[in-house]
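Engineer: Quick one: structure below, then a few questions.
None of the figures in this text is laboratory data; all of them are computed from the coordinates on show. What you see is a predicted model; the values in this text were computed from it and never measured. Note that each Cβ is placed from the backbone with ideal geometry, even for glycine, and that neighbours are counted across all protein chains shown.
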Amino acid sequence: MDIDWLTASEEERKRLYTVTRDVGKVVNMSVEQVMDAALGRTAPIGTDYVANFRKGKIRRSFAKLIYEWIAEQHADLGRKHEERWFLQSNTDAWDHYVEEHGIRGQLQIKRFTKDELNLIKKVKDRAAPDATLKLGEEFCFFLRADANVHAIGFERYKAKWHVMPLGVNGSLTFQLQSDELHFPIDASGVIERLTEESDLDLHRFAFVIAQSANDLPRKSDIKDIGQDAELHYIDVLFSA
């Protein structure tokens, strides 16, 4: 539904407050922080503004900017709370495919602590991230799957998907070749350490695996996925 926020009703603005609050909880941001990010403010705007927002009395121009920020940065989360406001476009087909067909729970994150790998357990709350890491914290992926399957990885950040070149020498595809399926692995078979240095907030990682490399997509397009391929995904929140 295309809302003209410059003429939005009080009830619509109250509902936007609820969506803002609920999305903020998932990405570890307060309503004030979301407002700061959306309105481009560098100083606190005070509790009265938040109270007015809660009552649906926030300025319509502010409501428009807050809605646009959520639509741009966290449309998938907004859609969970108000689907009609955040309708999928054609470019969202991959997001929908991941949600509908992806397997959540088998793909996991392991962090490096004193040169040991510690499994980060998946949380039970479906709306919460599966794992939380600090910026700069070293980690790798772990997926218990059939040995020798081919794989390719994708990362979603701020509504955009990117292919992850995790194969040897930067190749896009790679193979999982042991019973303890940590990756990425270098040419010598040693686990490579990954870090996120700068991009705070929620990231979604998705890996497509298949017995045949021909069943793997080379981009985030559902038309390129083979019938026998599986997709696994995990949501990771990076914090400062």
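Engineer: Just name one of GLY226, SER178, VAL236: the one whose Cα is farthest towards the positive end of the charge dipole of region 96-239 (beta-carbon charges, Lys/Arg +1, Asp/Glu -1).
Structural biologist: Comparing the listed Cα positions along the dipole, VAL236 ranks first.
Engineer: For the pair SER171/LEU200, report the inter-label distance in nm, with labels modelled 7 Å from Cα in the Cβ direction.
Structural biologist: 3.9 nm
Engineer: For the chain, what is the calculated [θ] at 222 nm in deg cm²/dmol (nearest 500), taking -39500 (n - 2.57) for each run of four or more DSSP H residues and dividing by its residue count?
Structural biologist: -8000 deg cm²/dmol
Engineer: Looking at the chain, identify the longest residue range that excludes and avoids all GluC sites (Glu not before Pro) in DSSP loops having at most 11 other Cβ atoms within 10 Å.
Structural biologist: Here the longest segment lacking exposed loop sites spans 1-179.
Engineer: While we're here: Is region 5-87 best put as rounded, prolate or oblate by its Cα gyration tensor, with a ≥ b ≥ c the root eigenvalues, rounded for a/c under 1.5, and otherwise prolate when a/b is larger than b/c, oblate when not?
Structural biologist: Oblate, since a/c reaches 1.5 and b/c is not below a/b.
Engineer: Oh, and also: With springs connecting C-alpha atoms under 10 Å apart, model the chain as a Gaussian network and identify which of ARG59, ARG156, ARG204 has the largest mean-square fluctuation.
Structural biologist: Answer for the Gaussian network model of the chain: ARG59.
Engineer: Considering only DSSP beta bridges with both partners in region 96-239, what is the antiparallel share in %, to the nearest 5?
Structural biologist: Approximately 85 percent, going by the DSSP bridge assignments.
Engineer: Same structure, new question: For GLN211 and ALA93, what does the FRET efficiency come to when R0 = 35 Å and r is the distance between their Cβ atoms, rounded to the nearest 0.05?
Structural biologist: Efficiency for this residue pair is about 0.90.
Engineer: For a distance above 28 Å, tell me the whole-number percent of Cα pairs in the chain that qualify.
Structural biologist: Beyond 28 Å sits 39 percent of the P(r) for the chain.
Engineer: Going by alpha carbons, how many degrees (0 to 90, nearest 10) lie between the helix axis of 60-73 and the longest principal axis of the chain?
Structural biologist: Result, in degrees: 0.
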